[in-house]
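The values are calculated or read from the model by the stated rules, or taken from the named source; none is laboratory data. Owing to the predicted nature of the structure, the values given are computational and were not obtained by experimental measurement. Here Cβ is always computed from backbone atoms with ideal geometry, including for glycine, and neighbour counts include all displayed protein chains.
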Amino acid sequence: MISEQVLEEPRLRGQAMWRGARGQCPSCGEKQLFRAYLKVSDDCPSCGLNLSGHQADDAPPYFTIFIVGHIIVPVALVVEKLYTPPLYVHALVFSLLAVLASLISLPVVKGAVVGLQWALRLHGFAATEKVDAQVDKAVEKS
Ligand SMILES: [Zn+2]
């Protein structure tokens, strides 16, 4: 009974994505989402949420490329229009900026994707809770 209520409990997508983007557990908000640069922790030490079931896959790099491209290209065009620097300056400056912006934003985007997956009960987050609910039901019956 309690487990079904937990399963039906709404999860705030915006809050979960915001917490994930800041490297926090999407459930409790403790700063334990990543154990390395892009390695998601297996479990949250604070609330015990199993984070190993996430399947962010290629979504974070895709969104990162999309975001960084939409920032770097207009800036490069404005710089070209205003200052007309030599091409090697463009290549050097904007390549470095693109790499730096990507490295900075990739964990942020990945955290947000993991948070969204948790909020929508996708992939391992849904299966884990269903298994947990079944275990709880079995314990209640016995
Ligand atoms: Zn947690």
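Residue pairs whose Cβ atoms lie under 8 Å apart, separated by 6 or more positions or on different chains, with the first residue in segment 51-80 and without any contact (Cβ under 8 Å) to a residue 40 or more places away in the chain and closer than 30 Å to residue 33 by Cβ and the second assigned to a helix (DSSP H, G or I) and of a type in the set (S, T, N, Q), are 65/102; 68/102; 68/105. For segment 39-55, enumerate the residues that are under 16 Å from residue 108 (Cβ atoms) and surrounded by 14 or more Cβ atoms within 10 Å (Cβ to Cβ). Result: 40, 54.
Taking the criterion of being modelled with pLDDT under 90 and under 11 Å from residue 50 (Cβ atoms), the residues of segment 108-138 that qualify are 124, 125, 127, 128, 129, 131, 132.
For residue 76, state whether it is small (Gly, Ala, Ser), within 13 Å of the ligand (Cβ to nearest atom) and part of a helix (DSSP H, G or I). Spelling it out, it is not the case that residue 76 is small (Gly, Ala, Ser), within 13 Å of the ligand (Cβ to nearest atom) and part of a helix (DSSP H, G or I).
Each residue in segment 20-54 was checked for being β-branched (Val, Ile, Thr) and within 8 Å of the ligand (Cβ to nearest atom), and 0 pass. Residue 93 passes all but one of (1) under 20 Å from residue 105 (Cβ atoms); (2) more than 12 Å from the chain's Cα centre (by Cα); (3) within 13 Å of the ligand (Cβ to nearest atom); which number fails? Among (1) under 20 Å from residue 105 (Cβ atoms); (2) more than 12 Å from the chain's Cα centre (by Cα); (3) within 13 Å of the ligand (Cβ to nearest atom), the lone unmet condition for residue 93 is (3). Here 37, 83, 88 are screened, and the one residue that is over 23 Å from residue 15 (Cβ atoms) and touching a Pro at 6+ places or on another chain (Cβ under 7 Å) is 37.
Just one of the numbered conditions (1) over 13 Å from the mean Cα position of the chain (by Cα); (2) more than 16 Å from the ligand (Cβ to nearest atom) is not true of residue 110: (1).
Only residues that are within 16 Å of the ligand (Cβ to nearest atom), at pLDDT 95 or above and within 14 Å of residue 125 (Cβ to Cβ): list them for segment 1-18, please. Scanning segment 1-18 gives 16, 17. Among the residues that make up segment 56-73, is at least one of them modelled with pLDDT under 95, part of a loop (DSSP other than H, G, I, E, B), within 13 Å of the chain's Cα centre (by Cα) and surrounded by 13 or more Cβ atoms within 10 Å (Cβ to Cβ)? Among the residues of segment 56-73, at least one is modelled with pLDDT under 95, part of a loop (DSSP other than H, G, I, E, B), within 13 Å of the chain's Cα centre (by Cα) and surrounded by 13 or more Cβ atoms within 10 Å (Cβ to Cβ), which makes the answer yes.
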